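Below is one structure, written out as structure tokens; the observations come after it.
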Amino acid sequence: MNILGLQGSPRKKGNTHELMSLFMEKAASHGADTRVITPHSMNIQPCKELILCEKKGICPIKDDMDTQVYSLLKNADLIVLASPVFFYNVPAQLKALIDRCQMFWGRKYKLNLMDPNRHVRQGFMLACGASGGKKLFEGLELTAKIFFDALSIPYKGSLTYRYVENPGDIKAHPTARQDITQAVDTLCSEYFLKPGILFISAKDACRSQMAKAFLNTHAEGRFRALSAGIHPAATICEDTSAIMAEKDLDLKYTHPEPLDRIDMERFERVILVGDDVNIGGDVLSGRTEIWKIPEPKDRSPATLAKLRHEIEGRVLQLIDII
Ligand SMILES: Cc1cc2nc3c(=O)[nH]c(=O)nc-3n(C[C@H](O)[C@H](O)[C@H](O)COP(=O)(O)O)c2cc1C
């Protein structure tokens, strides 16, 4: 389970940092892979409203969004947005990151592309503010809802803390640690209780990615499908992304996952896709099957469409029997 934290406070050891650390420590104890990014320490330019996201589904600004953040957002199973209240919303650098996700909004609502993993992913928010006003978190809640919707991620809720002002205040909070423990337990169990299906290929750049996308789409969240490569490519093949977009499935910014980061014991079924995949050992006896789908001879749209059709058919058969 990949968990991405967006830590919105400019204070390195402030209350938001503490909330996020508590969350991620607990998540790591469930076996999740955690990563936290801090927009304040990154090169993230504000949205310039160039509108290419709505016309072509791309953002032409070249910065850390393009090289890291879009891909991290796309590949996270759970995203945790953590923020202090700044004038009833999130701080400016975090807001810049959120605004730049108009790229995902454009792909979803203007180009009608769907995130294949939308039934499996989750979004959550942690927030704190100094005062005690009833409406203190309303701005953040709305921003979080719209942000997660643009990413096609179901928003699972939030934990919010009033009267938290100086660094260290949250540590003295009577329930914060316990609340976070409970929230992480619920979110992680919801994810891990789904039967896991792992597709393995040599590079995780084409066939296994198609299989994962179709399973997560057609099974509508009954399973958690993942894919991984023995020697993962740096990016998934662009023509794979294009051929899946014809089926309205958005694979742009999806990246191949290295097999050595995956705990195979947590999967009920492991499917080797291709005739060139050897993972050795007998650890997976009884749970492994091989889909002998050879690498396509050429990468013309017609050949890739045929491959896509074959993989979708096999996935539909699999859903019928499990
Ligand atoms: C620029 C700025 C704006 C703020 N606006 C609000 C506000 O509108 N309401 C509020 O209750 N607290 C506000 N605060 C206080 C912070 O939300 C509070 O101190 C929080 O604990 C800071 O979290 P941190 O330690 O993670 O940075 C503001 C603080 C700053 C620096």
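Please compute the length gained on full extension between GLU289 and ILE146, using 0.36 nm multiplied by the number of residues separating them and subtracting their Cα-Cα distance.
Details: separation 143, 0.36 × 143 = 51.48 nm, distance 4.06 nm.
Here the segment from GLU289 to ILE146 would lengthen by 47.4 nm.
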Long-range HN-HN contacts of ILE290 with modeled amide H, under 5 Å | LEU272
Mean projected area (nm²) of the alpha-carbon convex hull when the chain is viewed from all directions = 16.6
The value for segment 196-321 (convex hull of the alpha-carbon atoms, volume per residue, Å³) is 101
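Here are some pairs, LYS26/LYS194; LYS55/LYS135; LYS12/LYS156; LYS56/LYS145; LYS108/LYS134; which of them have Cα atoms lying more than 30 Å apart in this structure?
Details: LYS26/LYS194 20 Å; LYS55/LYS135 36 Å; LYS12/LYS156 26 Å; LYS56/LYS145 24 Å; LYS108/LYS134 34 Å.
In this structure, LYS55/LYS135; LYS108/LYS134 lie more than 30 Å apart at Cα.
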Length-normalised contact order of the chain in % [C-alpha pairs under 8 Å, at least 6 apart] = 16
With axes computed from alpha carbons, what is the tilt in degrees of helix 176-192 against the longest principal axis of the chain, rounded to the nearest 10 within 0 to 90?
-> 10
Report, by chain and number, residues whose modeled amide H sits under 5 Å from the one on GLY5, excluding near sequence neighbours (fewer than 5 apart, same chain).
-> ARG35, VAL36, ILE37, VAL80
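Between the DSSP loop rule and a limit of at most 11 other Cβ atoms within 10 Å, which GluC sites (Glu not before Pro) in segment 1-85 are left? Each step should come with its number before you reach the end.
Details: sites: GLU18, GLU25, GLU49, GLU54; in loops: GLU49.
Hits after loop and neighbour filter: GLU49.
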Calculated from backbone phi, Karplus (6.51, -1.76, 1.60) coupling profile of segment 133-147 in Hz, x at Gly/Pro = x, 4, 9, 3, 9, 4, x, 5, 4, 5, 4, 4, 4, 6, 4
Place a label point 7 angstrom from the Cα of ARG222 along the Cα-to-Cβ direction, then list the residues of segment 161-201 whose backbone nitrogen is under 20 Å away.
-> 190-199
Sketch the reach of a paramagnetic label on ILE319 as a point 7 Å from Cα along Cα-to-Cβ, and name the residues of segment 211-244 whose backbone nitrogen lies under 13 Å away.
-> 211-225
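For the chain, which span is the longest to avoid every loop-located (per DSSP) member of trypsin sites (Lys or Arg not before Pro) having at most 12 other Cβ atoms inside 10 Å?
Looking at the chain, 136-291 is the longest stretch - no exposed trypsin sites (Lys or Arg not before Pro) with at most 12 other Cβ atoms within 10 Å.
Can you send over the carbon and sulfur percentage of the accessible area for segment 101-230, probe radius 1.4 Å, protein chains only? Walk me through the numbers before you get to the answer.
Details: 2670 of 5150 Å².
Using a 1.4 Å probe with all protein chains present, segment 101-230 comes out at 52 percent carbon and sulfur.
Share of Cα-Cα pairs in segment 1-160 beyond 27 Å, in percent?
Numbers: 2475 of 12720 pairs.
Here the tail beyond 27 Å accounts for 19 percent of pairs.
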For GLU190 the rounded accessible area (nearest 10 Å², probe 1.4 Å, non-protein molecules ignored) is 80
Surpassing 26 Å at the alpha-carbon level, of the pairs LYS110/LYS292; LYS203/LYS292; LYS252/LYS306, are LYS110/LYS292
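DSSP loop (so not H, G, I, E, B), at most 10 other Cβ within 10 Å: list which chymotrypsin sites (Phe, Trp or Tyr not before Pro) in segment 73-172 pass both filters. Intermediate results must be reported in sequence, preceding the final value.
Values: sites: PHE86, PHE87, TYR88, PHE104, TRP105, TYR109, PHE124, PHE137, PHE147, PHE148, TYR155, TYR161, TYR163; in loops: PHE87, TYR88, PHE137, TYR163.
Counting only loop positions with at most 10 other Cβ atoms within 10 Å, the chymotrypsin sites (Phe, Trp or Tyr not before Pro) in segment 73-172 are PHE87.
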Reciprocal of mean inverse Cα separation for segment 110-164 (Kirkwood radius, Å) | 12.5
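The values are calculated or read from the model by the stated rules, or taken from the named source; none is laboratory data. The model shown is predicted, which means the values in this text are computed figures rather than measured ones. Note that each Cβ is placed from the backbone with ideal geometry, even for glycine, and that neighbours are counted across all protein chains shown. For accessibility, only protein heavy atoms count, side chains too; no ligands or nucleic acids. Shrake-Rupley method; radii C 1.70, N 1.55, O 1.52, S 1.80 Å.
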